[in-house]
Amino acid sequence: MAKYTQKELASLGLTPMLPKHVGIIMDGNGRWAKQRMLPRTLGHRAAMDKLRGTIRLTSDLNIEALSLYAFSTENWSRPEEEVSALFDLLVEYFTRELDELHKNGVCIRILGDISAFPSAVREAVTRAHVKTRENTGLKLNIALNYGSRAELVRAAQSLCESALRGELRPKEIDEAALFDRLYTYGLPELDLVIRTGGEKRLSNFMLLQAAYAELYFTDTYWPDFSEKKYIEALKEYQLRDRRYGTVK
Ligand code: IPE
Ligand code: IPE
Ligand code: MG
């Protein structure tokens, strides 16, 4: 993928001070469909078709990592037909897009516990991860059966197991040790979280990683979130004054 030069960035109204890690809570698919009197599942399909442009732009902008919230630990409580339609779409997406993503150097990581998913989904996402794991381009993280609280519980269990094995003392557990046990180990913290669909909440998405992220909320439903709108969000991000508790 061609990376934008500084001049090209300027023509988009952007400076090179881009976020290193962007998270997107892709919300509003159901309402997008309802507005068109379509079944909710067609909203999810339209959502999937939006991913290509979002991923390409993120990569072209040389942003290091993109984390997409695709299925939360709470989404199991949706009607069974909707959950199973989402699974079918995941298999379709990873099968259809894998070669293109791989060709473009994208490195896919799954955040969340996929062991609860049907085998076809597990196989498709694992294949995508294994095929692209050595790639050095955009780090693309797909949050599947992901919830920040479950992630924290898992990290606590892992730290306790290490302590019981005598590998570390409880006193040695610091922020770095905790972050190393999260699904996002090794990635920069989130700089920007975008939530489409009008709600102003995080819905259990990367609560620790977003501790100092800039939050951008838009009423636009995810299937309508164009590249132009993404650039608007990045422009707004560049206007924010990130103080991290200091005085400037
Ligand atoms: C987000 O869109 C996608 C998932 C949670 C899988 P929604 O399906 O939540 O759409 P709305 O919020 O009902 O419009
Ligand atoms: C958050 O959206 C989860 C995903 C986008 C995958 P939801 O639609 O599930 O969140 P709530 O229920 O409005 O908080
Ligand atoms: Mg929603």
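The values are calculated or read from the model by the stated rules, or taken from the named source; none is laboratory data. Just so you know, these numbers come straight off a predicted model, no measurement behind them. Cβ: placed from backbone, ideal geometry, glycine included. Neighbour counts: every protein chain shown. The accessibility values were calculated without ligands, DNA or RNA, using every heavy atom of the protein model including side chains. Shrake-Rupley method; radii C 1.70, N 1.55, O 1.52, S 1.80 Å.
Consider GLY105 carefully, then state whether it is on the phi > 0 side of the Ramachandran plot and of a type outside the set (Ser, Thr, Tyr). Even if it seems obvious, please write down each step before you answer.
Working: on the phi > 0 side of the Ramachandran plot: yes; of a type outside the set (Ser, Thr, Tyr): yes.
For GLY105, the condition - on the phi > 0 side of the Ramachandran plot and of a type outside the set (Ser, Thr, Tyr) - is met.
Within the option set ALA210, ALA177, being within 29 Å of LYS34 (Cβ to Cβ), more than 16 Å from ligand 1 (Cβ to nearest atom) and open to solvent by less than 20 Å² (accessible area, probe 1.4 Å) holds for one residue only, ALA210. Residues of segment 12-23 that are more than 16 Å from ligand 2 (Cβ to nearest atom), within 28 Å of TYR221 (Cβ to Cβ) and not basic (Lys, Arg): LEU12, GLY13, LEU14, LEU18, PRO19, HIS21. Anything in segment 205-248 that is at pLDDT 95 or above, in contact with a strand residue (DSSP E or B) (Cβ under 9 Å, 6 or more places away or on another chain) and not in a helix (DSSP H, G or I)? List them, or say none. PHE205, MET206, GLN209, ALA210, ALA213, GLU214, LEU215, TYR216, PHE217, THR218, PHE225, ARG240 - these are the residues of segment 205-248 that are at pLDDT 95 or above, in contact with a strand residue (DSSP E or B) (Cβ under 9 Å, 6 or more places away or on another chain) and not in a helix (DSSP H, G or I).
Taking the listed residues ALA70, ALA10, ALA33, the one that is within 15 Å of ligand 1 (Cβ to nearest atom) and farther than 30 Å from TYR185 by Cβ is ALA33, with no other qualifying. Annotation note: of MET48, MET26, the sole residue that is open to solvent by 10 Å² or more (accessible area, probe 1.4 Å), within 12 Å of the chain's Cα centre (by Cα), within 16 Å of ligand 2 (Cβ to nearest atom) and aliphatic (A, V, I, L, M) is MET26. Listed conditions (1) open to solvent by 60 Å² or more (accessible area, probe 1.4 Å); (2) more than 16 Å from ligand 2 (Cβ to nearest atom); (3) of a type outside the set (Val, Ile, Thr) are all met by ASP113, apart from (2). Among the residues of segment 85-121, those that are in contact with a Phe, Trp or Tyr (Cβ under 9 Å, 6 or more places away or on another chain) and among the charged types (D, E, K, R) comprise ARG109, ASP113.
Taken over segment 41-88, the criterion of being away from ligand 3 (no atom under 16 Å from the Cβ) and touching a Gly at 6+ places or on another chain (Cβ under 7 Å) is satisfied by SER59, SER67. Within segment 183-199, the set of residues being open to solvent by 20 Å² or more (accessible area, probe 1.4 Å) and within 13 Å of ligand 1 (Cβ to nearest atom) comprises GLY198, GLU199. When restricted to residues that are over 22 Å from GLU81 (Cα atoms), part of a loop (DSSP other than H, G, I, E, B) and touching a residue at least 60 places away in the same chain (Cβ under 8 Å), segment 13-50 contains 7. The condition of being at negative phi and modelled with pLDDT under 95 holds for only one of LYS3, LYS20, LYS34, that being LYS3. Take segment 60-86 and flag every residue that is assigned to a helix (DSSP H, G or I) and either small (Gly, Ala, Ser) or under 25 Å from LEU207 (Cα atoms) (or both). Scanning segment 60-86 gives THR73, GLU74, ASN75, TRP76, SER77, VAL83, SER84, ALA85, LEU86.
Looking at THR95, THR136, THR54, THR58, can you tell me which residue is open to solvent by 20 Å² or more (accessible area, probe 1.4 Å) and within 22 Å of LEU192 (Cα to Cα)? Walk me through how you get there before you give the answer.
Values: THR95 fails: within 22 Å of LEU192 (Cα to Cα); THR54 fails: open to solvent by 20 Å² or more (accessible area, probe 1.4 Å); THR58 fails: open to solvent by 20 Å² or more (accessible area, probe 1.4 Å).
Exactly one residue qualifies, and that residue is THR136.
Taking segment 98-185 and the helices (runs of 4 or more DSSP H) fully enclosed by it, the elements with 3 or more residues that are of a type in the set (Val, Ile, Thr) and closer than 22 Å to ASP49 by Cβ are at 119-132. Whenever a residue of segment 170-190 is closer than 13 Å to LEU208 by Cα, its partners that are open to solvent by 40 Å² or more (accessible area, probe 1.4 Å), lying with C-beta atoms within less than 6 angstrom and at least six residues away or across chains, give the pairs PRO188/LYS20.
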